[in-house]
Amino acid sequence: MAALVYFTLLSDGFGRMSGYSEYHYNLVPFQEIRRFVEYREYMDYYIVVVNLLGNVIAFMPFGALIRWVLNRRVRWYQATFYTFLFSLSVELLQLVGRVGVFDIDDLILNTVGGLLGFFIYYVLLLINRRREENGEG
């Protein structure tokens with residue numbers, strides 16, 4: 001989670017240290033996702049991957065951590081809500097600190113990533129339990 005905060009708020013590699021003199025934000029759902037998909041052949045492949053898959057992959061550990069820390073007491077919709085709140089906090093810090101762009105698409109992608117991480121951890125737990133029950137431990 002520390003790496004996630006570093007890359008979203010502090011990393012020079014993503015243009016965070018220079019900051020903006022004005023607030024930058026996108027409140028139109030799927031606008032940036034659509035732009036990256038439609039113009040992917042005209043953009044650097046790295047930029048497309050970082051912006052689309054990077055937002056999903058970056059939040060997958062958070063979803064798994066929710067499941068791990070709260071154990072069985074958390075449901076998928078609660079994990080979705082917690083991931084959304086965490087992502088919203090990061091996006092608001094970017095907006096207020098003027099070190100990034102508040103993007104509704106990032107909220108969507110981050111939340112999907114957290115939910116995927118939650119389910120992957122759940123599936124791995126089921127596999128592990130079956131192996132233990134079968135004596136394969």
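Yes or no: Gly117 among the small types (Gly, Ala, Ser) and out of contact with any Pro (no Cβ under 8 Å at 6 or more places or on another chain)? Against the criterion (among the small types (Gly, Ala, Ser) and out of contact with any Pro (no Cβ under 8 Å at 6 or more places or on another chain)), Gly117 does not qualify. Annotation: of all residues in the stretch 50-70 being modelled with pLDDT under 90, open to solvent by less than 90 Å² (accessible area, probe 1.4 Å) and not aliphatic (A, V, I, L, M), the one that is farthest from the chain's Cα centre (by Cα) is Arg67.
Evaluated against (1) open to solvent by less than 90 Å² (accessible area, probe 1.4 Å); (2) under 23 Å from Ala2 (Cβ atoms), Asn26 falls short on exactly one condition, (2). Restricted to the stretch 19-36, and to residues that are in contact with a helix residue (DSSP H, G or I) (Cβ under 8 Å, 6 or more places away or on another chain) and in a helix (DSSP H, G or I), which residue is farthest from Phe84 (Cα to Cα)? Only one residue tops the list, namely Phe36.
Each row is one residue, and each column tells you yes or no for (1) touching a residue at least 12 places away in the same chain (Cβ under 8 Å); (2) within 13 Å of Asn55 (Cβ to Cβ); (3) out of contact with any Asp or Glu (no Cβ under 8 Å at 6 or more places or on another chain).
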residue	(1), (2), (3)
Gly97	yes, no, yes
Ile104	yes, yes, yes
Thr111	yes, yes, yes
Leu126	no, no, yes
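Just to verify a result, which residue in the stretch 71-114, among those that are outside any helix (DSSP H, G or I) and more than 19 Å from Tyr6 (Cβ to Cβ), is least open to solvent (accessible area, probe 1.4 Å)? Checking each candidate, the answer is Val74.
The values are calculated or read from the model by the stated rules, or taken from the named source; none is laboratory data. Bear in mind the structure is a predicted one, so any value in this text is a computation, not a measurement. We place every Cβ from the backbone using ideal geometry, glycine too, and count neighbours over all the protein chains shown. When the accessible area is computed, the model is the full protein with side chains, heavy atoms only, and any ligands, DNA or RNA have been set aside. Shrake-Rupley method; radii C 1.70, N 1.55, O 1.52, S 1.80 Å.
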